[in-house]
Amino acid sequence: MKCSAGICLVLAVFMALTACSLPRSAPLEREILREADDVAAGFAIYPVTRDFLPVLAEWPLTGESGLRWITASSGSRGQVISPGDMLNLVIWDSAENSLLTSAEQRVVPFENMRVAPNGTIFVPYVGAADVAGLSPEAARAYLQEELEVIVPSAQVQLTLTEGRGNSVYLVGGVTAPGSFPMPDRSFTVLNLIAEGGGVRADLENPQIRLMRGGHLYGTSINRLYSEPRLDTRLQGGDQVIVEEDRRYFLSLGATGRQAQHPFPQDIVTALDAMAIIGGVSPQRADPQGVLILREYPTTALSDGDHGPGEQRVVFALDLTSADGVFSAGNFRIASGDLVLATESPVTSAQTVFALLGSLVGLGSQINNISD
């Protein structure tokens, strides 16, 4: 059987094209996983199923801040004097021959008396008075009692201006950041954020960072809202930073969106991630071949069930089965994960057949011209 010149040309072109790789926007699942059986592959594959999830729960979390938080505690509802505070004393004495006043002036002010690092202030005829840790009213009564030994008729008035030891600092992420005096010793993180005008609306999943005594603690604002026991009490000198969640994951392949995606909430599951990226392409994607690529630190590796066997890990999702979908809803995405939707093998076949149909039509046109 002889073929016409046009058909022969078409077949030659078709064979040349099919011998090459067809252009695709995503790999096939088998192309990613074909090296898995090789001992030198350098990565491990774990199908995400109901039986695998308890094993995964024993593995170290990756991509997390690693910061712990301080639970709430109660404190004094009143002000407490601290080193660095400024005290103003006014001493009244109407007695004749007073050691403090004169006939023309029955009141003596002592202004801007800063509480020393050791918690004391100097008061004439009393000496170093230890006032740190006292409320302003308790300090006033204490000073008056000390003065009455020398000036029986003396009356003491005391006012407090908070210093660094009685102030906290709100840095960024709010409407009005700045330094805020603590009204009492039960002033909490959420109280401070409210004083700063609240969290800015443009922040994605705002995170709270607390700097105290050279240590850094962290949690999210949503967690503070949902768990009141975590609304920790502040201490003088604390610095609170509100910032956007820095975690992200990537999506590539036959997905609805190929981009870098910030975490919109504290926990993002594989199903959450699929919704965020707009699902997979119904024309191109293989729902049985959604892969999550993750790299663990060497410290996480384990020969047993307490960690992965390789640093590079591929988690395979099958979204065509009930177990696969439910398991995806309980699989936590880690920061830096890559969600890769592989291309369906049917797509390549459809491309080949479409190409063949186009070439046959072209061959018929060539034959008609040659005739």
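The values are calculated or read from the model by the stated rules, or taken from the named source; none is laboratory data. All values derive from a computational prediction rather than experimental measurement. Backbone-built Cβ (ideal geometry, glycine too); neighbour counts: all protein chains shown.
Taking the stretch 147-169, which residues are under 14 Å from Gln239 (Cα atoms) and either of a type in the set (Gly, Ala, Ser) or crowded, with 21+ Cβ neighbours inside 10 Å (or both)?
Quick first cut of the stretch 147-169, residues under 14 Å from Gln239 (Cα atoms) only: 164-169.
Matches in the stretch 147-169: Gly165, Asn166, Ser167, Val168.
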Just the residues that are aliphatic (A, V, I, L, M), at pLDDT 95 or above and surrounded by fewer than 19 Cβ atoms within 10 Å (Cβ to Cβ), please, taken from the stretch 294-330.
Ala322, Val325
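Which of the following residues is surrounded by fewer than 19 Cβ atoms within 10 Å (Cβ to Cβ) and in contact with a strand residue (DSSP E or B) (Cβ under 8 Å, 6 or more places away or on another chain): Asn222, Asn191, Asn205?
On the way: Asn222 fails: in contact with a strand residue (DSSP E or B) (Cβ under 8 Å, 6 or more places away or on another chain); Asn191 fails: in contact with a strand residue (DSSP E or B) (Cβ under 8 Å, 6 or more places away or on another chain).
When all the criteria are applied, what remains is Asn205.
Among the residues in the stretch 129-152, are any farther than 30 Å from Asn205 by Cα, among the acidic types (Asp, Glu) and touching a Gly at 6+ places or on another chain (Cβ under 7 Å)?
Keep residues of the stretch 129-152 that are farther than 30 Å from Asn205 by Cα, which gives 129-152.
Those still in the list that are among the acidic types (Asp, Glu) too: 130, 137, 145-146, 148.
Restricting the remaining residues to those that are touching a Gly at 6+ places or on another chain (Cβ under 7 Å) gives 130.
For the stretch 129-152, residues farther than 30 Å from Asn205 by Cα, among the acidic types (Asp, Glu) and touching a Gly at 6+ places or on another chain (Cβ under 7 Å): present.
Residues are listed down the side, and each one gets a yes or a no for (1) at pLDDT 90 or above; (2) over 30 Å from Glu227 (Cβ atoms):
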residue: Arg140; (1), (2): yes, yes
residue: Leu143; (1), (2): yes, yes
residue: Pro152; (1), (2): no, yes
residue: Leu158; (1), (2): yes, yes
residue: Gly173; (1), (2): yes, no
residue: Pro181; (1), (2): no, no
residue: Arg185; (1), (2): no, no
residue: Val189; (1), (2): yes, no
residue: Leu192; (1), (2): yes, no
Restricting to the stretch 262-281, what's the tally of residues that are surrounded by 18 or more Cβ atoms within 10 Å (Cβ to Cβ) and under 30 Å from Val171 (Cα atoms)?
2
Of all residues in the stretch 216-269, count the ones that are of a type in the set (Ser, Thr, Tyr) and on the phi > 0 side of the Ramachandran plot.
0
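Being within 30 Å of Thr62 (Cβ to Cβ) and not assigned by TED's automatic domain parsing to the domain that holds Ser281: is that true of Leu230 here?
Working: within 30 Å of Thr62 (Cβ to Cβ): yes; not assigned by TED's automatic domain parsing to the domain that holds Ser281: yes.
Criteria met by Leu230.
Sort out for me the strands (runs of 3 or more DSSP E) sitting completely within the stretch 189-284 that have 1 or more residues that are acidic (Asp, Glu), over 21 Å from Gly329 (Cα atoms) and touching a residue at least 40 places away in the same chain (Cβ under 8 Å). Steps first, answer last, please.
Working: elements: 207-212, 215-220, 239-243, 248-253, 260-262.
Correct list: 239-243.
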Show the residue pairs meeting these rules: Cβ distance below 7 Å; 6+ apart or different chains; first residue within the stretch 129-147 and without any contact (Cβ under 8 Å) to a residue 40 or more places away in the chain; second residue acidic (Asp, Glu).
Ala129/Glu146
Every residue from the stretch 36-60 that is touching a strand residue (DSSP E or B) at 6+ places or on another chain (Cβ under 8 Å) and either at pLDDT below 85 or assigned by TED's automatic domain parsing to the domain that holds Gly236 (or both):
Ala36, Gly42
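Taking the options Gly133, Gly172, name whichever one is surrounded by fewer than 16 Cβ atoms within 10 Å (Cβ to Cβ) and outside the structural domain of Glu111 (by TED's automatic domain parsing). Steps first, please.
Numbers: Gly133 fails: outside the structural domain of Glu111 (by TED's automatic domain parsing).
The conditions single out Gly172.
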